[in-house]
Amino acid sequence: AAKESNGTQLEDLIELLSIKSPTMDLIVKQMLTNDDIVTAEMLLKEIGYSRQGQGSTGAGLVSVPEIINSAGIDNSGLLLIDGSGSSPENQVTCSLINSILMDSSTKDVLREALPLAGVEGIVAGKFIGTQFEGKLEAHATRTEETAVVAGYFTTVSGTELAISFIANKVIDAENFEQKIDSFIDGIANAIATYTGGQPLDELGPLQYPSS
């Protein structure tokens, strides 16, 4: 058993075993593929330590908005309570997620790290039978009250898109999960046929008559 030893100099110790840490890219991939909230919390604390000198959740929460802002990304609408995203008090916008997905300093890492829909990790059983199956690299979670998708999709014409979708159930709303399934299936079909002929920011929802 390990015993406490006081006053021993580091150079006097004998190394019995060393374990090489995976690269940060691989740690992020494992975290996103498996929805590993423990790793997410630890990374937040590591960010706090590297930026503030304190390996705490609080230091990380202060640092993340600063990092985003220093990258030239507008962090309006961001409110972080934890590193895992588990708190219902966390707030983020689709615009911010898309900006991070498309930022040149993070895009390659995130695209490699995100699991493939219908194949890997947290999305292995998701989007089956839709245009996203086997084509969407994304992190996606679903509860009885929320639905979130964020990732990358390449259309049949070769157009690369960043996708983000966040939905919160309205109080007393009925058939929330069925509505989300229907929406995802519809948007997958629409995006899959997008050719790049019209800028995405000019596209909008169909306008139905009020009657």
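Give the Cα extents of the chain along the principal axes, in whole Å, largest first.
The principal-axis extents, from largest down, are 81, 35, 33 Å.
Counting only protein heavy atoms and a 1.4 Å probe, tell me what percentage of the chain's accessible area is made up of carbon and sulfur.
Summing carbon and sulfur atoms, their accessible area is 54 percent of the total for the chain.
Apply the Karplus parameterisation 6.51 cos²θ - 1.76 cosθ + 1.60, with θ equal to phi minus 60°, to every residue of region 183-194 and state each ³J(HN,Hα) to the nearest whole Hz, in sequence, with x for glycine and proline.
Result, ordered by residue: 5, 4, 4, x, 5, 5, 5, 5, 5, 4, 9, 5 Hz.
Among all the lysines, which ones have a C-alpha under 17 Å from K179's C-alpha, if same-chain residues fewer than 8 places away are not counted?
Partners within reach: K126, K169.
Given the whole protein assembly as supplied and a 1.4 Å probe, what does the accessible area of D36 come to in Å², nearest 10?
40 Å²
Rank T130, T39, T106 by mean-square fluctuation in a GNM of the chain with C-alpha springs under 10 angstrom and give only the top-ranked residue.
Among T130, T39, T106, the largest mean-square fluctuation in the Gaussian network model of the chain belongs to T106.
Short version: what are the Cα gyration tensor semi-axes of region 28-140, square root of 5 times each eigenvalue, largest first, in whole Å?
26, 16, 13
Give the relative contact order (percent, whole number) for region 42-134; include only Cα pairs under 8 Å separated by 6+ residues.
14 percent
Of V62, T154, A40, which is farthest along the charge dipole of the chain in the positive direction, counting Lys and Arg as +1 and Asp and Glu as -1 at C-beta?
Comparing the listed Cα positions along the dipole, T154 ranks first.
Relative to the Cα centre, what is the charge dipole magnitude of the chain, using +1 at the beta carbon of each Lys and Arg, -1 at the beta carbon of each Asp and Glu, and rounding to the nearest 20 debye?
Using only the charged Cβ atoms, the result is roughly 200 debye.
Would you mind computing the Rg to Rh ratio of region 85-193 from its alpha-carbon coordinates, Kirkwood style for Rh?
Dividing the radius of gyration by the Kirkwood radius yields 0.96.
Which whole-number value in Å² is the accessible area per residue of region 1-130, probe 1.4 Å?
Here the residues of region 1-130 average 67 Å² of exposed surface.
Can you show me the helix-derived [θ] at 222 nm for the chain, built from DSSP H runs with n ≥ 4 at -39,500 (n - 2.57) apiece and divided by the number of residues, rounded to the nearest 500.
Per the formula, -11000 deg cm²/dmol.
The values are calculated or read from the model by the stated rules, or taken from the named source; none is laboratory data. Since the structure is predicted, the reported quantities are computational estimates derived from the model, not experimental observations. No Cβ is skipped: glycine too gets one built from the backbone with ideal geometry, and neighbour counts run over all protein chains shown. Please note that ligands, DNA and RNA were not included when accessible areas were found on the heavy atoms of the full protein model with its side chains. Shrake-Rupley method; radii C 1.70, N 1.55, O 1.52, S 1.80 Å.
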